[in-house]
Amino acid sequence: MFGRPTASWPVSMNLTNLNLPDGISVLGSEDFQQFGKSVAGGAVDVNHDGIHDAIIGAPQGSPLGRTAAGKTFVLFGKKNWTSGIINTSNSDWFDGAMNGFVLFGEVSGSHSGCSVNGLGDVNHDGIQDFIIGADNWDKNSSIIWVGRSYVLFGRDYGQRLWNFRHLMETMDSLSMAQLQTITMDSVFRVQEM
């Protein structure tokens, strides 16, 4: 919901009818994906455009045939929203540039997106970063549910595009696309191929 002066808030509001200009609704797209189980916002501005962004976890999402690997949706904030309803099944909406992007969990059952949060600026480049938790991640059969966290560095809106959606859909085997190695260099090398 979009903020407003105290005097203009109603006593109650039916969220079924939430739409512009009061706010936006973001809809999950899979059965049992637990879309919205974790959310982060507030002072998070991962594309450094001066507008706060929202991060939404869906830890039971099943991308690319990986059951319950999890998904994390990053929605870039806007000054002028053109739609009050965002359906996450529309993969074209998450363009990596103007609207946001989606990150797919690495392995089945890892629950990536079970926790999400802004971190401030952990790499000291002046842009806010964020973290994604995957509490059930494991890749070694002798140790189960080890868990893994992924720290993603924010990017300047005017200089670098987030291109995760494209990478994950077309270059599934790449480490960045599967959230195995989070480095700025690996993303740029992929984009230049």
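The values are calculated or read from the model by the stated rules, or taken from the named source; none is laboratory data. Quantities reported herein were computed from a predicted structural model and do not represent experimental measurements. When we count neighbours, we look across all protein chains shown, and the Cβ atoms used for this are built from the backbone with ideal geometry, even at glycine. SASA here: full protein model, heavy atoms, side chains in, ligands and nucleic acids out. Shrake-Rupley method; radii C 1.70, N 1.55, O 1.52, S 1.80 Å.
Structure summary
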{"item": "Loop trypsin sites (Lys or Arg not before Pro), segment 18-118, which have at most 11 other Cβ atoms in a 10 Å radius of their Cβ (DSSP)", "result": "K79"}
{"item": "Rg followed by Dmax, in Å, when segment 42-146 is reduced to its Cα trace", "result": "15.0, 51"}
{"item": "Solvent-accessible heavy-atom area per residue, rounded to whole Å², over segment 1-60 at 1.4 Å", "result": "60"}
{"item": "At R0 = 30 Å, FRET efficiency that the Cβ-Cβ distance of W145 and L27 yields, to 0.05", "result": "0.50"}
{"item": "5 angstrom amide H check on L119, placed H, neighbours 5+ away", "result": "D129, F130, I131"}
{"item": "Loop-resident sites, segment 46-148, for chymotrypsin sites (Phe, Trp or Tyr not before Pro), counting at most 11 other Cβ within 10 Å (DSSP)", "result": "W145"}
